[in-house]
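Engineer: This is the structure, below, for whatever I ask next.
What follows draws every value from the coordinates through simple rules; no lab data is involved. All values derive from a computational prediction rather than experimental measurement. Methodologically, a virtual Cβ is constructed for each residue, glycine included, from the backbone with ideal geometry; neighbour enumeration extends over all protein chains shown.
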Amino acid sequence: MCGIVGYIGAKQAQQILLEGLSKLEYRGYDSAGLAIYNGEVIQIEKTKGRLKDLADRLSVSELTGHIGIGHTRWATHGKPSDQNAHPHTDPETRFAVVHNGIIENYMELREELTAKGYHFVSETDTEVIAKLLADVDDGDLVSTVQKAVSHLTGAFALGVINQAEPDKLVAVRFASPLVVGVGKGENFIASDIPAILKYTRDVYVLEDGEMAVLTEDQVHLMKTDGTPVKRKTMRVTWDMETAEKGGYDHFMLKEIHEQPQAIRDTLSGRLKDGLVDLSGEISLLPQEIFQIDRIQIVACGTAYHAGLIGKYVFEKFTRLPVEVEIASEYRYRNPIITDRTLVIVISQSGETADTLAALREAQKSGAKVLAITNVVGSSVAREANEVITTWAGPEIAVASTKAYTTQLIALYLLATYFAQVLGTKDENECREVVKSLQQLPVQVEKTFDCETEIKELASKIADHEHLFYLGRGLDHAVALEGSLKMKELSYIHSEAYAAGELKHGPLALIEEGIPVISLATQESIFEKMISNIQEVKARGAYVVGIAKEDNTELQKTVDQVIYIPPIIDLLVPVLTVVPLQLLSYYTCLERGFDVDKPRNLAKSVTVE
Ligand code: M6R
């Protein structure tokens, strides 16, 4: 995820911008750059690589000046390279811009600007903003930015400087974070508070559709239509470490709470006229989709669990047979693959050794591989034939949370898109799914209401040595993920079972007081699930049910119910996983273990 910083004041900007960027490194990046006005011109230095590479270049040719912007880039449009690194400029370097987010209509704008004679030097969506600024320039920086922004759709936070008005730094926010730091005789912008905490604790947190105009001594807030915004600064009392976690105690909790935004970002640009449109992203032609006679989904760990949901969704929507396999098994078992097989690999990091090997194995056998990954430019992304990126942003906690929910979103989008192309689902049904997908960010927010209850539940189960998770259908797939989370974080032995399978063996393990988390959200199999719950209740289990909030039946059978907001059954996993993530988080805390770095585990498993 890109990071933005900006400075205007009496000091030299270069060092402040570099230090600010170093505090945003946690967001992940592949290149970095600065633009500083030196009293005559805007000078740019940018490079692929680490901040150290940028600092090395600057040690040879220092950028002097008191106003500037800086950026760490996490590639979205175009590979990591010097050309694609920010800041971007117009042809005469009158404007320099840094951007975090995605401009959805950049192709359209690029074509229009190219037709007007603008020449593009990068593959980025950001460069259209710089050229657009030059195109609509009316001699006033603020109104020029307002005009340019009115042409943009998507998510963006921007920092802009202009050679003609070097006493102003302009910042804009639309759905990507941006804060303004207020100092004495100096002011700042940044994607996140840690970048400016060394200089000031007084900040404005910009809201969507707002902009800030910074001079050395003042900050003016307004909406992008010019309406003034009056707000008091917020005093930040966090220390640096807390600030890096956005005020949360751990990265995992922060990432759990980032899920609504991550889902919004992953949906962004992929819905058109009430349907899914991936035609600009994947090059599979309709006739090639018609050729597919089976799908294999291959992944590890949490990504594998997302694949299990994918199986349900694809089979329901496309009636194509889908197998889901653990990558470390798939790669060695000589699977049946033909040139009509579509292999979908799922990997947050894009570097998991087994998943990468499975990808190569599938390609060797003639299959096309479509990757769902969170890291642009990762090995998986580079080697796959098709890529759908999840826009979860960097996931730092070892336990995967927002990567999982965005993988689900990618799978829902892909399956719906295939159904539209193949005509295997009625268009109205596809529209219903799209509508419900759009409700998800808000419904995930509402799901957080259960956090206090989950905390109490965690203290109840923390002393147990064994735990069970039960579910049927999609609920079973989510139960597996909940159980994995619990194992890796709390080190409690936990099992997830398809509820109907319990009586074929594991029921023998159920004894007085054992906690059993039972997911019962799927209407068509609800009665069956109740019967299975009764089986464990009869043996003395403490049963915690998870149900949709309109369900009044479950509470009659279980000891406690955690409710999730309403959503169509198919999309329920995106909501039910949230209380399970929180339960493992709080149980881990109760037991006093390291949440973000569980023992024996690594974030990216690049060895077999
Ligand atoms: O980066 P990947 O998605 O390929 O990683 C796969 C697994 O190692 C990963 O999902 C792991 O299971 C999670 N960290 C568990 O929370």
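Engineer: Towards the positive end of the charge dipole of segment 457-608, with charges on Cβ (+1 Lys, Arg; -1 Asp, Glu), say which of Ile492, Val607, Leu580 has the farthest Cα.
Structural biologist: Result: Val607, furthest along the dipole toward the positive end.
Engineer: What is the spin-label model distance, in nm, from Asn38 to Arg360 if the labels are put 7 Å beyond Cα along the C-beta direction?
Structural biologist: 4.7
Engineer: Hey, another quick one. Excluding Pro566 itself, calculate the net charge of residues whose Cβ lies under 12 Å from the Cβ of Pro566, where each Lys or Arg counts +1 and each Asp or Glu counts -1.
Structural biologist: After counting each charged neighbour, the total is -2.
Engineer: Could you tell me the relative contact order of segment 253-445? Use alpha-carbon pairs under 8 Å, at least six residues apart, and round to a whole percent.
Structural biologist: Value for segment 253-445: 30 percent.
Engineer: With charges set only on the Cβ (+1 for Lys and Arg, -1 for Asp and Glu), what does the dipole of segment 448-591 come to about its Cα centre, in debye to the nearest 20?
Structural biologist: The calculation lands at about 240 debye.
Engineer: To the nearest 10 degrees, how steep is helix 572-591 against the longest Cα principal axis of the chain, on a 0 to 90 scale?
Structural biologist: Computed tilt is about 90 degrees.
Engineer: Kindly provide log₁₀ I(q)/I(0) values, in the same order as q = 0.19 Å⁻¹, from the Debye equation applied to equal alpha-carbon scatterers of segment 76-134.
Structural biologist: Normalising to I(0) and taking log10 leaves -0.60.
Engineer: Hey, another quick one. Could you grab the relative contact order for segment 448-591? Cα pairs under 8 Å, six or more apart, rounded to a whole percent. Numbers along the way, then the final one.
Structural biologist: Working: 264 pairs, mean separation 45.9, N = 144.
Relative contact order of segment 448-591: 32 percent.
Engineer: To continue, here is another question. Between 0 and 90 degrees, rounded to the nearest ten: what's the tilt of helix 13-22 against the longest Cα principal axis of the chain?
Structural biologist: Value to nearest ten degrees: 10.
Engineer: Here's another thing I want to ask about it. If I histogram all Cα-Cα distances within the chain using bins 10 Å wide from 0, what percent of pairs lands in each bin?
Structural biologist: Here the calculated profile for the chain is 3, 16, 25, 24, 18, 9, 3, 0, 0.
Engineer: Continuing with this model, one more query. So what does the Cα-only Debye profile of segment 516-574 read at q = 0.19, 0.21, 0.29 Å⁻¹, as log10 I(q)/I(0), no solvent term?
Structural biologist: The calculated log intensity ratios at q = 0.19, 0.21, 0.29 Å⁻¹ are -0.61, -0.74, -1.29.
Engineer: Given that compact globular proteins tend to follow 2.2 N^0.38 Å, what is the ratio of the alpha-carbon Rg of segment 3-239 to that value?
Structural biologist: Working it through for segment 3-239, the quotient is 0.91.
Engineer: Which of the peptides 371-384, 109-122 is most tightly packed, and how do the rest follow, going by the mean number of other Cβ atoms within 10 Å of each residue?
Structural biologist: 371-384, 109-122
Engineer: Kirkwood hydrodynamic radius of segment 253-445 from all distinct Cα pairs, in Å?
Structural biologist: Mean inverse Cα-Cα distance, inverted, gives 16.5 Å.
Engineer: A further question follows. Nearest 10 degrees, 0 to 90: what angle lies between the long axis of helix 451-461 and the longest principal axis of the chain (Cα atoms)?
Structural biologist: Once rounded, one gets 50 degrees.
Engineer: What value does segment 1-114 have for Rg/Rh, both radii from Cα atoms and Rh as Kirkwood defines it?
Structural biologist: 0.97
Engineer: Net charge around Gly393, counting only other residues with Cβ within less than 9 Å of its Cβ (Lys, Arg = +1; Asp, Glu = -1)?
Structural biologist: Once positives and negatives cancel, what remains is -2.
Engineer: A follow-up question, please. May I ask you to derive the relative contact order of the chain, considering only C-alpha pairs under 8 Å and at least 6 residues apart, and to give it as an integer percent? Walk me through the numbers on the way to the answer.
Structural biologist: Working: 1351 pairs, mean separation 63.9, N = 608.
After rounding, I find 11 percent.
Engineer: Dipole of the chain, Cα-centred, from +1 at each Lys and Arg C-beta and -1 at each Asp and Glu C-beta, to the nearest 20 debye?
Structural biologist: Working: 61 positive and 86 negative charges, 104 e Å.
My answer is approximately 500 debye.
Engineer: Taking Rh as the Kirkwood radius, which is the inverse of the mean 1/r over Cα pairs, what is the Rg/Rh value for segment 553-608?
Structural biologist: Working: Rg = 16.1 Å, Rh = 14.4 Å.
My calculation puts Rg/Rh at 1.12.
Engineer: I've got another one for you. Pulled fully out, how much extra length does the chain show between Met234 and Lys460, if you take 0.36 nm times their separation in residues and subtract their Cα-Cα distance? Could the numbers behind the result be given before it?
Structural biologist: On the way: separation 226, 0.36 × 226 = 81.36 nm, distance 3.73 nm.
Stretched out fully, the Met234 to Lys460 stretch lengthens by 77.6 nm.
Engineer: Another question, then. Using r as the Cβ-Cβ distance of Ser59 and Ile568, and R0 as 41 Å, what FRET efficiency do you calculate, to the nearest 0.05?
Structural biologist: E(calc), rounded to 0.05, equals 0.10.
Engineer: Just order 438-446, 189-197, 232-240, 52-60 by mean Cβ neighbour count inside 10 Å, highest at the front, would you?
Structural biologist: In decreasing order of mean packing, 438-446, 189-197, 232-240, 52-60 become 189-197, 438-446, 52-60, 232-240.
Engineer: Please compute the Kirkwood hydrodynamic radius of segment 430-587 from all pairs of different C-alpha atoms, in Å with one decimal.
Structural biologist: 15.5
Engineer: Residues of segment 270-295 with amide nitrogen under 18 Å from the 7 Å Cα-to-Cβ point of Glu108?
Structural biologist: 270-281, by backbone N distance to the label point.
Engineer: Suppose R0 equals 22 Å. What FRET efficiency, 1/(1 + (r/R0)^6) with r the Cβ-Cβ distance, do Lys316 and Glu281 give to the nearest 0.05?
Structural biologist: 0.45
Engineer: If you count, for each residue, the other Cβ atoms within 10 Å and average over each peptide, how do 334-340, 64-70 line up from highest to lowest?
Structural biologist: 64-70, 334-340
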